[in-house]
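Below: the structure, in structure tokens.
The values are calculated or read from the model by the stated rules, or taken from the named source; none is laboratory data. All values derive from a computational prediction rather than experimental measurement. Cβ sites come from the backbone with ideal geometry, for glycine too, and all protein chains shown count toward neighbours. The protein model used for the area step is the full one, side chains on, heavy atoms only, and it has no ligands, DNA or RNA in it. Shrake-Rupley method; radii C 1.70, N 1.55, O 1.52, S 1.80 Å.
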Amino acid sequence: MIILIYLPSPIFSQSTKVYEYWLDKFLLPKLQQKFNSHKIVDEIEMHLKDNIGSVMTLRKLLNKNEQAEFSEPLEYFNKKLIIHKTKEGKKNAKSLKKILEDIENIYKVDKHFLLAIWANETFFGRVRPRLDGLQVLSLLSFSSKNRRFYLNELFYLIDFAIENSIDIKELKASKAGALGQPQFLPSNLVKFAVDYDKDGNIDIWNSQSDTLASIANYLNQFGWDNNLEWGYEVQLSKSISCYLEGPDHSRSLNQWKKLGASRFKGKEFPQDDLNESYSLMFPAGIYGPIYLVSKNFYTLKEYNNSDLYALSVGFIADKIKYNSHNFFKNWEATENLTKNEIISIQEKLSRKYYTGGIDGLIGYKTRRAIGLYQRDNNLKQTCWPPL
């Protein structure tokens with residue numbers, strides 16, 4: 001059993017001494033035990049202690065990341081950024097055509113979604129993480145809310161470095177400890193990254209083909225169905241309430257059609273899809289586009305558990321794939337909320353409704369709880385804060 005030594009952040013914020021004590025008394029002995037005194041442990045010790053002077057600056061950066069405000073949908077779908085990603089995505093679709101087609105044939109994942117994820121994560125490998133991976137994961141193991149999780153991620157990183165003869169000291173990471181062009185956490189690096197180009201190295205840092213194949217393998221392993229659309233933007237009749245959102249309220253497209261869901265400009269749902277299961281998704285309540293999404297949407301959420309992230313991947317993939325694709329309904333400006341304000345709303349709702357947890361994020365369970373609260377209190381049903 002792993003026993004984590006927890007020391008409050010205020011103490012840590014005043015000095016590195018507590019962190020150094022934790023290294024000596026907990027982390028390094030744990031690594032010696034787990035990795036049988038492998039020479040890599042001595043390298044890790046020397047590296048972390050040689051760079052102790054930068055710990056305070058990094059900790060402030062990580063702490064700021066933990067306290068970040070909730071991202072508003074309107075900001076998430078910045079038009080200029082979407083256009084830029086689409087333009088570069090189309091270029092890559094042409095220049096990497098053969099590789100993308102081969103990867104799609106092997107893993108049965110639409111190549112346009114690989115490009116969209118690549119765009120979102122590191123802008124096609126151009127914007128890469130610059131933080132010291134060892135230092136980030138050690139700090140997150142020391143003082144984050146998910147210490148046990150990040151300690152295990154650190155173990156995975158060391159396993160990967162040993163297995164693949166990689167200099168662990170050179171690995172760069174994001175503020176969340178994610179690595180390489182597809183931004184894999186170390187556990188996903190070990191489980192899903194592949195050596196597509198068969199050069200003997202799994203290289204998601206420098207190899208475009210390894211990067212794209214690794215993303216494809218990830219989606220394939222989580223059940224991507226290449227014969228299924230990810231989602232359709234729809235308009236709804238008044239009989240369909242926003243609190244019917246979520247995969248546990250899924251129905252066939254045919255059933256949704258009978259209830260009053262339709263596509264825009266008279267477009268019909270494809271005949272082959274009518275008996276497939278889809279669920280409603282209101283990423284901004286009634287203040288933005290509304291979608292019927294398939295299980296592929298939830299596969300995208302396995303990559304990043306955010307409705308807005310998965311929606312952006314689907315939207316960008318379609319923009320790369322088709323000549324003219326856009327939202328039919330505009331995103332409306334909504335009240336800016338911090339995570340703490342959302343947590344307060346979730347705490348209030350959770351006395352009677354299921355919000356899916358009190359985490360400061362407006363997922364479909366929280367949106368649905370808001371809608372049910374509004375219904376029960378004879379308020380306009382928006383499925384979006386404020387209550």
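Points worth noting:
- Overall form of segment 270-318 per C-alpha gyration tensor (a/c, 1.5; a/b vs b/c): oblate
- Kirkwood hydrodynamic radius over Cα pairs of the chain, then Stokes diffusion coefficient at 25 °C and 0.890 mPa s, in µm²/s: 107 µm²/s
- Taking the 1.4 Å solvent-accessible surface of segment 174-282 as the whole, the part contributed by carbon and sulfur is 43%.
- Model label sites at residue 49 and residue 64, defined 7 Å from Cα along the beta-carbon direction, differ in position by 3.1 nm.
- Karplus-derived 3J(HN,Hα) values for segment 312-326, using 6.51 cos²θ - 1.76 cosθ + 1.60 with θ = phi - 60°, are 5, 5, x, 5, 5, 4, 5, 5, 5, 6, 10, 5, 9, 9, 7 Hz; glycine and proline are entered as x.
- P(r) of segment 192-269 over all Cα-Cα pairs, binned every 10 Å from zero, in whole percent: 15, 31, 18, 18, 15, 2
- Rg/Rh for segment 87-141 (Cα atoms only, Rh after Kirkwood) is 1.16.
- Packing rank of 105-111, 172-178, 213-219, where each peptide gets the mean count of other beta carbons within 10 Å, highest leading: 213-219, 172-178, 105-111
- Scattering curve values for segment 172-305, log₁₀ I(q)/I(0), Debye with Cα scatterers, q = 0.16 Å⁻¹: -0.84
- One decimal place: the segment residue 20-residue 39 gains 4.8 nm when fully extended, by the rule 0.36 nm per residue minus the C-alpha distance.
- Between helix 147-163 and the chain: long-axis angle, C-alpha atoms, 0 to 90°, nearest 10: 70 degrees
- Residues whose amide H lies under 5 Å from that of residue 278, counting only those 5 or more places away or on a different chain, are 251, 252, 253; hydrogens are built 1.01 Å from N in the peptide plane.
- Simple spin-label estimate for residue 221 and residue 344 gives 4.2 nm between the two label positions (7 Å along the Cα-to-Cβ direction from each Cα).
- Rg/Rh, computed from the Cα trace of segment 240-387 with Rh as the Kirkwood radius, has the value 0.97.
- Placed amide H near residue 261: partners under 5 Å, 5+ positions off or other chain: 237
- A quarter of the convex hull surface defined by the alpha-carbon atoms of segment 228-322 gives 6.1 nm² as the mean projection.
- Computed over the alpha-carbon pairs of segment 129-209, the distance histogram in 10 Å steps reads 20, 55, 22, 4 percent, short to long.
- Probing with 1.4 Å while keeping every protein chain in the model, the per residue accessible area of segment 139-286 equals 44 Å².
- Order by protection proxy (mean Cβ within 10 Å, highest first), peptides 228-239, 299-310: 299-310, 228-239
- Gained length - residue 305 relative to residue 93, 0.36 nm times residue gap less alpha-carbon distance: 73.7 nm
- Point-charge dipole on Cβ atoms (K/R +1, D/E -1) for the chain, about Cα centre, debye to 20: 1140 debye
- Relative to the current alpha-carbon distance between residue 78 and residue 165, full extension at 0.36 nm per residue lengthens the span by 27.2 nm.
- Percent of Cα pairs in segment 47-162 per distance bin of 5 Å, from zero to the largest separation: 2, 9, 13, 14, 14, 14, 15, 12, 6, 1.
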